[in-house]
Ligand SMILES: Nc1ncnc2c1ncn2[C@@H]1O[C@H](COP(=O)(O)OP(=O)(O)O)[C@@H](O)[C@H]1O
Ligand SMILES: [Mg+2]
């Protein structure tokens with residue numbers, strides 16, 4: 001019986017739950033923020049994975065139609081590269097892997113077509129530092145004389161525009177998250193103020209009956225917090241759903257590069273924090289609003 | 001009759017103006033003693049409600065000094081005022097019931113604000129509602145109560161926490177004369193338990209019904225007190241004061 005009364009005590013300040021704008025404002029903001037944050041994190045992961053993989057990398061192609069000669073030059077290039085200072089590893093990309101790479105373009109019967117369509121031998125070279133134009137020039141000069149079929153490319157050079165695009169998108173997403181966060185805070189602040197307006201009489205009465213500012217703020221904060229939590233959970237589910245859907249579509253592309261842009265558990269943890277940040281912002285602004293109004297009373 | 005030690009309220013040259021308007025209260029000086037019963041009378045607009053607002057700490061005076069329970073409440077930090085308000089019971093002229101709370105919860109509000117445990121709330125609140133004749137309306141919201149019923153809820157809320165001082169602004173304005181007398185008896189009973197009572201009213205009829213009461217009369221924002229007796233009110237029954245005047 002007494003807990004029933006207790007339940008009613010929690011209603012000192014009325015909140016027409018889900019009727020006021022608060023849950024909807026929070027839900028929309030959290031959903032948008034979740035999508036933007038997930039996008040930003042995925043792009044960040046993608047850029048990092050690609051950069052780590054490619055920044056210190058060179059590709060040496062042996063473009064030679066005659067298989068035996070190609071094989072000879074590839075072996076020679078490998079041994080030459082092994083003695084260059086600054087080269088950490090130089091590895092032949094296995095033919096099977098190579099076949100997989102070109103399969104989408106040449107079809108599955110590449111094995112038999114090999115003689116018809118020559119596939120170059122590929123050597124993946126990893127440097128201890130970044131690929132500078134001087135390094136590139138040195139290695140080209142070294143190979144030129146004895147491995148005439150060699151073509152040397154820095155992996156990052158042809159990816160540079162992609163990197164800068166990814167990087168811009170990443171910053172765009174970060175900007176969006178910040179803007180959405182600020183907008184959420186403003187919207188929540190307005191919602192808290194309008195809720196305060198409708199509860200002004202109650203706040204004044206509790207104040208005159210000897211309620212402390214903290215007591216009154218807590219009552220109000222809790223109502224707003226419950227509203228915000230409802231909206232936050234709804235928004236987070238909506239946002240996470242959209243992110244998963246998008247993720248699945250990207251995964252279906254099957255591209256190795258996009259695979260580097262997946263979300264790790266730390267990313268999901270950060271995303272899960274968004275609705276709670278929303279609730280905290282809501283409760284904090286509600287508290288400040290009530291306290292400011294109370295301070296105008298004696 | 002022995003004079004109680006000390007005073008509960010002391011006004012010294014208090015003035016009040018709202019905003020930039022002219023003073024609605026001027027040169028108000030008086031002392032209230034613990035356990036006494038005071039009536040504050042005066043025509044409508046004389047400043048009774050304004051004076052009570054100062055008493056129940058809803059308003060700061062424009063000038064003058066106010067001491068309550070031995071403390072200067074003008075210079076007191078805001079954070080310490082709630083503790084003083086909890087020692088007061090107030091019947092507001094416009095009741096000020098919380099509209100979305102039942103009669104029960106409205107009456108229980110001062111106890112809850114003071115942190116009284118729920119298990120110790122149900123019985124006194126129910127008894128109080130019974131006393132003011134609203135036991136069967138405990139779950140009703142204020143909007144569904146008549147003016148007189150709302151007033152009784154307001155009075156029950158003001159006295160539930162056994163305040164040191166009860167301040168009532170026209171507490172019998174909306175009830176029939178019979179109930180008015182009954183409520184007055186409630187105030188008297190509380191007064192006998194030691195509560196100082198201040199009742200503002202323009203109903204001179206009420207005054208005769210409390211034998212040991214003292215009267216403060218407001219006239220256009222000033223205490224009409226030509227003799228100065230009200231500055232240190234004598235503890236004399238009102239009836240005897242009336243006799244002397246005749
Ligand atoms: N909040 C207010 N703002 C401005 N003037 C007020 C306010 N409250 C009361 N007054 C004025 O103060 C004077 C005294 O009012 P009040 O204290 O309510 O008198 P009473 O309770 O005796 O009828 C009146 O002239 C009234 O118009
Ligand atoms: Mg009045």
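All of the numbers you see were taken from the coordinates with simple rules; none came from a lab. Small disclaimer: the values here were computed from a predicted structure and weren't measured. Cβ placement follows ideal geometry from the backbone for every residue including glycine, while neighbour counts extend to all protein chains displayed.
Taken along the Cα-to-beta-carbon direction at a fixed 7 Å, the label points for residue A:100 and residue A:269 span 3.1 nm. Hey, in the GNM for chain B with a 10 angstrom Cα cutoff, which one of B:71, B:195, B:172 fluctuates hardest? With Cα springs under 10 Å in chain B, the top fluctuation among B:71, B:195, B:172 is at B:71.
All C-alpha to C-alpha distances of chain B, sorted into 5 Å bins beginning at zero, yield P(r) values of 1, 6, 14, 18, 19, 17, 13, 8, 4, 1, 0 percent in whole numbers.
Along the Cα→Cβ direction, 7 angstrom out, place labels at residue A:144 and residue A:69. What is the inter-label distance in nm? Result: 2.0 nm between the two label points. Averaging the Cα positions of each part gives two centres, and for segment B:12-62 and segment A:69-97 these lie 99 Å apart. Taking a quarter of the surface of the Cα convex hull of segment A:118-243 gives a mean projected area of 14.9 nm². Here the alpha carbons of segment B:7-46 define both size measures, Rg and Dmax, at 12.5, 37 Å.
Computed on chain B, with alpha-carbon pairs under 8 angstrom and 6+ residues apart, the relative contact order is 28 percent. Dividing the summed helix terms, -39500 (n - 2.57) for each DSSP H run of n ≥ 4, by the number of residues in chain B produces a 222 nm estimate of -8500 deg cm²/dmol to the nearest 500. One Cα centroid belongs to segment B:101-163, the other to segment A:184-250; the line between them spans 30 Å. On a 0 to 90 degree scale, rounded to 10, what angle separates helix B:103-113 from the longest Cα axis of chain B? The angle comes out near 60 degrees. Apply 1/(1 + (r/R0)^6) to the Cβ-Cβ distance of residue A:179 and residue B:12, taking R0 = 51 Å, and write down the FRET efficiency to the nearest 0.05. The pair residue A:179/residue B:12 has a calculated efficiency of 0.35. On C-alpha positions alone, give me the angle between the axis of helix B:122-131 and the longest principal axis of chain B, in degrees, nearest 10. For helix B:122-131, the angle is close to 70 degrees.
The Cα-based radius of gyration and maximum Cα-Cα distance (Dmax) for segment B:1-78 are 13.2, 46 Å. A convex hull fitted around the alpha carbon atoms of segment A:204-243 yields 53 Å³ per residue.
Between residue A:248 and residue B:127, the modelled label-to-label distance comes to 6.6 nm, taking each label 7 Å out from Cα in the direction of the beta carbon.
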